[in-house]
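S.K.: Here it is, the structure, as structure tokens.
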């Protein structure tokens, strides 16, 4: 079972604006994961996923973080909750060598610009296993299949337990 969030027109516009601001603030910086190209589409995908996950889980979202590369930075929630969002249009979520193994990675898919689905989560160290390593993609990384995640209906990441 999954949780789905549908953006209204105002929220969709907010995502467009925040994505554009993030894109502009990153001009001239190398991509953290070696992405080739400008990353505009990927940024919009991630921004929408973060927003939808924060709404579904009722946690905070700092849309324009002062320093998203700082140690301990989280995509949504409080730093102590250690939540990262990975939004994809695939049936797997990417994890990288430099991703924090102690953070929880939430898998969100986007069906279209208005509909996002939260599938589940994986603890970084559990997703960074050699069996998930993928070389046959433009940016080699760990690709964790959605079916291997803890389903969001079965359990929330432990750091969210007090928020239930």
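The values are calculated or read from the model by the stated rules, or taken from the named source; none is laboratory data. Everything quoted here is computed from the prediction, not taken from an experiment. As a convention, Cβ positions derive from the backbone with ideal geometry for all residues, glycine included, and neighbour counts pool all protein chains shown.
S.K.: Could you list all residues from region 109-128 that are assigned to a loop (DSSP other than H, G, I, E, B), touching a strand residue (DSSP E or B) at 6+ places or on another chain (Cβ under 8 Å) and within 30 Å of residue 9 (Cβ to Cβ)?
M.R.: 114
S.K.: Somewhere in region 25-47, is a residue closer than 19 Å to residue 5 by Cβ and either over 14 Å from the mean Cα position of the chain (by Cα) or modelled with pLDDT of 90 or more (or both)?
M.R.: Yes; the residues of region 25-47 include at least one that is closer than 19 Å to residue 5 by Cβ and either over 14 Å from the mean Cα position of the chain (by Cα) or modelled with pLDDT of 90 or more (or both).
S.K.: Quick one: residue 89 ticks every box in (1) surrounded by 13 or more Cβ atoms within 10 Å (Cβ to Cβ); (2) in contact with a helix residue (DSSP H, G or I) (Cβ under 8 Å, 6 or more places away or on another chain); (3) closer than 19 Å to residue 146 by Cα except a single one, so which number is it?
M.R.: Status for residue 89: all satisfied but (1).
S.K.: Additional query: Among the residues of region 141-158, count how many are touching a strand residue (DSSP E or B) at 6+ places or on another chain (Cβ under 6 Å) and either within 22 Å of residue 79 (Cα to Cα) or assigned to a loop (DSSP other than H, G, I, E, B) (or both).
M.R.: Residues that pass the stated criteria total 4.
S.K.: Which one of the conditions (1) in a loop (DSSP other than H, G, I, E, B); (2) farther than 19 Å from residue 110 by Cβ; (3) modelled with pLDDT under 90; (4) over 12 Å from the mean Cα position of the chain (by Cα) does residue 21 fail to meet, given that it meets all the rest?
M.R.: (1)
S.K.: Consider region 135-154. How many of its residues are touching a residue at least 40 places away in the same chain (Cβ under 8 Å) and surrounded by 12 or more Cβ atoms within 10 Å (Cβ to Cβ)?
M.R.: 11
S.K.: Follow-up. Over 9 Å from the mean Cα position of the chain (by Cα), within 19 Å of residue 134 (Cβ to Cβ), at pLDDT below 95 and crowded, with 18+ Cβ neighbours inside 10 Å - does that describe any residue in region 100-121?
M.R.: Within region 100-121, none of the residues are over 9 Å from the mean Cα position of the chain (by Cα), within 19 Å of residue 134 (Cβ to Cβ), at pLDDT below 95 and crowded, with 18+ Cβ neighbours inside 10 Å.
S.K.: List every residue pair whose Cβ atoms sit under 7 Å apart, with the two residues 6 or more apart in sequence or on different chains, where the first one lies in region 79-102 and is more than 22 Å from residue 59 (Cβ to Cβ) and the second, anywhere, is part of a loop (DSSP other than H, G, I, E, B).
M.R.: Taking only residues 6 or more apart or on different chains, the pairs are 96/33.
S.K.: From 94, 79, which residue is under 22 Å from residue 22 (Cα atoms) and either touching a helix residue (DSSP H, G or I) at 6+ places or on another chain (Cβ under 6 Å) or surrounded by fewer than 17 Cβ atoms within 10 Å (Cβ to Cβ) (or both)?
M.R.: Matching residue, one of 94, 79: 79.
S.K.: Next up: Just to be sure before I move on: is residue 106 within 30 Å of residue 16 (Cβ to Cβ), free of Cβ contacts under 8 Å to residues at least 60 places away in the same chain, part of a strand (DSSP E or B) and touching a helix residue (DSSP H, G or I) at 6+ places or on another chain (Cβ under 9 Å) in the structure I sent?
M.R.: Criteria met by residue 106.
S.K.: Now, a different point. Does any residue of region 66-79 turn out to be more than 30 Å from residue 8 (Cβ to Cβ) and assigned to a helix (DSSP H, G or I)?
M.R.: So far as region 66-79 goes, no, none of its residues is more than 30 Å from residue 8 (Cβ to Cβ) and assigned to a helix (DSSP H, G or I).
S.K.: Can you give me the number of residues within region 51-75 that are surrounded by 11 or more Cβ atoms within 10 Å (Cβ to Cβ), within 21 Å of residue 97 (Cα to Cα) and either out of contact with any helix residue (DSSP H, G or I) (no Cβ under 8 Å at 6 or more places or on another chain) or modelled with pLDDT of 85 or more (or both)?
M.R.: Residues in region 51-75 being surrounded by 11 or more Cβ atoms within 10 Å (Cβ to Cβ), within 21 Å of residue 97 (Cα to Cα) and either out of contact with any helix residue (DSSP H, G or I) (no Cβ under 8 Å at 6 or more places or on another chain) or modelled with pLDDT of 85 or more (or both): 3 in total.
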